[in-house]
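First the structure, in the form of structure tokens, and then the observations on it.
The values are calculated or read from the model by the stated rules, or taken from the named source; none is laboratory data. The shown structure was predicted, so the numbers you read here are calculated from the model rather than taken from an experiment. A quick note on method: Cβ atoms are made from the backbone with ideal geometry, for glycine too, and the neighbour counts reach across all protein chains shown. These area figures cover heavy atoms from the full protein model, side chains too; ligands, DNA and RNA do not enter into them. Shrake-Rupley method; radii C 1.70, N 1.55, O 1.52, S 1.80 Å.
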Amino acid sequence: MIFKACKLMTVIFLTVILNPLIAQNPSGLVTDISKIPISGVAIFLDDKKITETNEEGEFTLPEVYQLPIIIELKHFNYDVKTVTLVKAFSLIRLVALDNTQDLDEIILSSTYQKESQVIIPTAKISSQKLKEFSPTDLTLAINEIPGVYIQSGAINTNRIVIRGVGSRTLYGTNKIRGYFNGIPITNGIGETAIDAFNPEDIESLEIVKGPKATQYGTNLGGTLLLNSKQAQAGETYFESSLTLGSFGMLKNNVSVATANEKVSLNLNYDHFESDGFRENSNYNRNAVLLTSNYRINDKNDIGFLFNYNAYVAQISSSIGKTAFEEDPSQAAYTWNEAQGYEDNKQLLTGLNYTHRFTDDFSNTTSVFYSYLDHYEPRPFNILDEYTNGYGARTLFAKDFQFLKKVANLSFGGELYRDQYHWKTLGNLYETNNGNGSLEGELLSNNQEKRNNLNVFATITLPFTNKLEAQFGLNFNSTNYQFIDHFNMGEQNRSTDRNFDPIFAPNMNILYRFNPSVEGYVSISRGFNYPSLEETLTPEGLVNPDLGPETGINYEVGTKAFFFKNKLQIQLAGYLLDIENLLVADRVGEDQYVGRNAGKTQHKGIELSLSYTEIFANGFLLSPYVNAEFSDNRFIDFVDGNLDYSGNKLTGVPNNKVNGGLHLGYKNVQFYTNFLYVGEMPLDDANTLTSDEYTVFNTKVSYNNNITKQLSFEINAGINNFTNTAYASSILINAVGFGNTEPRYFYPGMPRNWFAGFKMAYAI
């Protein structure tokens, strides 16, 4: 063993020493992550194009170049990649951009699937796309997706709305299911918080609009699939970035990663702090992410995930119209007096195991645990809660022959349980001599046990070389148990709430007219369960008539490439009918009554256009525009004596348009973009609307190599450089208490700047 180790070290030593001295004819093979060769990849050296890959994805450098040598690979559908060639033949893999042509993609039996595997187009945001924006949040990138609108009241207060679904959620995101590296991040009542994840650690984000991703649940809003960055085999690197900005913003991110054919390890640390531009809006977060994978042998892999973040975020809350117009930097009066905030500690950890029975049959099983400790002093009370969540997920994937072509069957199940403990206490801030919140007497003490079971199956059948169909079925069973630890005897409110099981089928059909044009149709059924709190009245009584909302999504669309794939066009039209719409009627400052309000209809058209041109001198030109035009209405909605049928759905813009321009030359990249959001109804009666707005952002970056292993990047940007006053989030159906004005608006950030510096060392 010692002799073999010495021999190996000698070979490595001689290779490192002799390679630079020996004239070689370096060559390589460029593929995507599915190991499919990529043709037309331009190879640059010192900003000069020296060759490109052939139809088999192969390239050979002229004999004048000696190893080691640093080259840059560019292709309009893939991330730009810089690599150091140290051997005569190298295998290089490129990561696809979100607009990559994937018309000929075939779903194969996969290991530990982290993608939706939906055969029709979905929205994808790559790490390269995230580089176009500030590294502090995901909202700007997500808002570029047509049909998706994320409202941001604060760094820790986001509401994602997909095709109008989720707009009636008051303070967060639900009706959308989320996963991180294949592990659920949605809790037992359907809430998903994406602010728990650092944008600089994310490799990709896939958004499935509507209930089409059977194996990831069939929520009416859709599915979010986040995946972290992973080192590729042969890579070892260290990266550190520092970003400073307006309003005391500071962000520091450190990453260490290494990988070979057997083991990969990624460790990331992130610190983020900001004073905020509003009163009582300080934010401070620390986060750690660890991922690791180990290939035991050709048939077995094991992986580990650990994500922990802790933050303290002051809460400014929403303000009324007068305050919004006079001084949007002010906090809501009572929240400022109470110095309200939330203190969060979140943990997500999981272990996954993959076994390949044969080359075309595999299983991935994961177990996971999540923990949330949340403490929130509010003007009306103090909320003290913690949640333990745990579960397991298994997925089998099998390839088989169908009409002499490769078809795929996947099936499995997911069990998620959590135990939610919460209590409220009085807040004595008014008697605390201006020192903010102070705990008073105990007001309530409760426990909830929430169980969710999903069983799913999907089959993908290629009928011809052009026609492919996908059929899926999801079965869901959900129940809650509520335990009142505060009230005794007849006052005790403990109860169970069991819902009838739901079956949700879907069908996707894809037809390829030619290698550059495809069309598709989709029909899918989805559902959203009410939370346990929605099933309870303020008096603690259960509403047995409150049930899940259900709906059917119809969609037709096309995706096409022209001019040698430089121009991409994607067009979709949809109709979503929802019955038994869940609404929360506000009856007090922190009291709501949940009910099924009737029917809504969501319909719209979504368009994406993008063009990319890479010139011979390395200059890159890439403009794009995305647009959505929708009509979301109440079809049947009667509230007491008021009939809102026919009114526009509250909290949803009918129009959203965004676009931008990416210019690149040598080591300089320039990005600029805009976001237009149309007016939105603020109340169900449609008597009030928010103002439309347009926000412009820009960023420039420069990167270069100091040595063969050491590189750096500097960047700077301005968000909202026209200093537009706008509401980045709204609170629908706000009610004023006493003589106070209804607080509808969360002000958006005024003009703000950021600048960053990044160092990277690759071995």
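Couple of notes before you dig in:
- Some residue of segment 646-661 being modelled with pLDDT of 90 or more, under 31 Å from the mean Cα position of the chain (by Cα), aliphatic (A, V, I, L, M) and in a loop (DSSP other than H, G, I, E, B): yes
- Number of the exception - R751 against (1) under 28 Å from N253 (Cα atoms); (2) touching a strand residue (DSSP E or B) at 6+ places or on another chain (Cβ under 6 Å): (2)
- Only one of R295, R285 that is assigned to a strand (DSSP E or B) and modelled with pLDDT of 95 or more: R285
- Qualifying residue in segment 127-134 (condition: touching a strand residue (DSSP E or B) at 6+ places or on another chain (Cβ under 7 Å) and modelled with pLDDT under 90): yes
- Residues located in segment 122-134, provided they are farther than 13 Å from G660 by Cβ, open to solvent by less than 20 Å² (accessible area, probe 1.4 Å) and not hydroxyl-bearing (S, T, Y): A123, I125
- Residue check, I119 part of a loop (DSSP other than H, G, I, E, B), at pLDDT below 80 and either closer than 27 Å to S516 by Cα or in contact with a Cys (Cβ under 8 Å, 6 or more places away or on another chain) (or both): no
- Only listed residue being out of contact with any helix residue (DSSP H, G or I) (no Cβ under 7 Å at 6 or more places or on another chain), modelled with pLDDT under 75, open to solvent by 90 Å² or more (accessible area, probe 1.4 Å) and closer than 29 Å to Y624 by Cβ, chosen from I33, I2: I33
- Selected residue (criterion: farthest from the chain's Cα centre (by Cα)) from residues of segment 591-645 that are aromatic (F, W, Y) and surrounded by fewer than 19 Cβ atoms within 10 Å (Cβ to Cβ): F615
- Within the set Y665, Y693, the sole residue that is modelled with pLDDT of 95 or more, hydroxyl-bearing (S, T, Y) and either open to solvent by 40 Å² or more (accessible area, probe 1.4 Å) or out of contact with any His (no Cβ under 7 Å at 6 or more places or on another chain) (or both) turns out to be Y693.
- Residue in segment 487-494 that is in a strand (DSSP E or B) and modelled with pLDDT under 90 present: no
- Hits in segment 703-720 (condition: of a type in the set (S, T, N, Q) and either open to solvent by 50 Å² or more (accessible area, probe 1.4 Å) or within 23 Å of V86 (Cβ to Cβ) (or both)): N703, N704, N705, T707, Q709, S711
- Positions within segment 683-707 being touching a strand residue (DSSP E or B) at 6+ places or on another chain (Cβ under 6 Å) and closer than 30 Å to G640 by Cα, in sequence order: N686, T689, S690
- Unmet requirement for F402, which otherwise passes all of (1) of a type outside the set (D, E, K, R); (2) modelled with pLDDT under 95; (3) closer than 25 Å to Y744 by Cα; (4) open to solvent by less than 60 Å² (accessible area, probe 1.4 Å): (3)
- Residue under evaluation L532, criteria (1) at pLDDT 70 or above; (2) over 20 Å from E468 (Cα atoms), criterion not met: (1)
- Picking from residues in segment 232-249 that are within 16 Å of P750 (Cα to Cα) and of a type outside the set (S, T, N, Q), the one that is surrounded by the fewest Cβ atoms within 10 Å (Cβ to Cβ) is G248.
- The residues in segment 178-204 that are open to solvent by 20 Å² or more (accessible area, probe 1.4 Å), closer than 28 Å to R497 by Cβ and not hydrophobic (A, V, I, L, M, F, W, C) can be counted, and the count is 2.
- Some residue of segment 251-274 being acidic (D, E) and over 23 Å from S701 (Cα atoms): yes
- Candidate set from segment 494-512 (those that are aromatic (F, W, Y) and in contact (Cβ under 8 Å) with a residue 40 or more places away in the chain); member that is most open to solvent (accessible area, probe 1.4 Å): Y511
- Applying the criterion of at least 3 residues that are farther than 22 Å from I155 by Cβ and either small (G, A, S) or in contact with a Leu (Cβ under 7 Å, 6 or more places away or on another chain) (or both) to the strands (runs of 3 or more DSSP E) found wholly in segment 673-763 leaves 752-762.
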